[in-house]
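Working notes for the structure below.
Computed from the coordinates by the stated procedures, all read-outs in this text should not be read as laboratory data. Note that this is a predicted model, so its numbers are computed, not measured. Don't worry about glycine lacking a Cβ; one is built from the backbone with ideal geometry, like all the others, and counts go over all protein chains shown.
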């Protein structure tokens, strides 16, 4: 069984697409943290991965986890074992914390961890997303990021803004430091795109979220 750890964000979606050029992905695994402090898994709009999975036509499971540091990995490990996964695909880009922990699970169970984006140049990834995907920013939590970015597409203008923020604040332009999170509305493998019907913003201290209240698939 070839599975992809799938959050619905830009990195896991792009990793899925790159892996699919080399192998048939049978399963999407979305981890659903109960709290907002997961070190491993995305939270904003995670329930809408079911729409993305429908559009992709790939089997999909959603696994709840309390989201507690380290313990949340047990829930992922159990999902991998129970679904007879022999290859796990992730969107790891530069976070040794995340990649190392998936590597440990993989080595323990003698399965392959494939991270096609590992070490990618941020500008290369961002340009590919801008050209071929419709990705919006769904959470911000770093200096320099502002409310106006919430719900906005990662396009050429957004890339220019991220470059400036990187120069001024040394942020990771792919958000591997937790600066922001994203959600994919359309991608090359999607059979239908996602249309947002209703959404709202929530701001609490330095954290801003773009919550999609309702969405549907359209041709």
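Taking square-rooted eigenvalues a ≥ b ≥ c of the alpha carbon gyration tensor, is the chain rounded, prolate or oblate, where a/c under 1.5 means rounded and, failing that, a/b exceeding b/c means prolate? The partial results should precede the final answer.
On the way: a/c = 1.43, a/b = 1.31, b/c = 1.09.
Note, shape of the chain comes out rounded.
Taking a ≥ b ≥ c as the square roots of the eigenvalues of the Cα gyration tensor, an a/c ratio of 1.5 or more together with a/b larger than b/c marks the range 135-191 as prolate. This ranking places 17, 113 by how few other beta-carbon atoms lie within 10 Å of each, fewest first, which gives 113, 17. For the chain, the longest principal axis of the C-alpha atoms and the axis of helix 96-108 are separated by about 10°. Each stretch of four or more DSSP H residues adds -39500 (n - 2.57); spread over every residue of the chain, this sum gives -9500 deg cm²/dmol at 222 nm. GNM on the chain, alpha-carbon springs under 10 angstrom: the most fluctuating residue among 117, 164, 73 is 164.
Which order do peptides 198-205, 52-59 fall in by mean Cβ count within 10 Å, highest first?
On the way: 198-205: 10.6, 52-59: 18.6.
The most tightly packed comes first, giving 52-59, 198-205.
If you average the alpha carbon positions of the range 169-219 and of the range 53-131, how far apart do those two centres end up, in angstrom? So the two Cα centres are separated by 19 Å. Against the chain, whose longest principal axis is taken from its Cα atoms, helix 122-132 shows a tilt of about 90°.
Helix 10-20 and the longest principal axis of the C-alpha atoms of the chain enclose an angle of approximately 40°.
Ranked by the mean number of other Cβ atoms within 10 Å of their residues, highest first, the peptides 21-27, 130-136 fall in the order 130-136, 21-27.
Based on the alpha-carbon gyration tensor of the range 122-218 and its eigenvalue square roots a ≥ b ≥ c, which shape applies: rounded if a/c is under 1.5, prolate if not and a/b is larger than b/c, or oblate? Can you show the working numbers first?
Values: a/c = 2.54, a/b = 1.24, b/c = 2.05.
The shape class here is oblate.
So the label point goes 7 Å from the Cα of residue 112 along Cα→C-beta, right? Which residues of the range 1-22 then have their backbone N under 17 Å from it? Taking a point 7 Å out along Cα→Cβ of residue 112, the residues of the range 1-22 whose backbone N falls under 17 Å are 1-5, 15-22.
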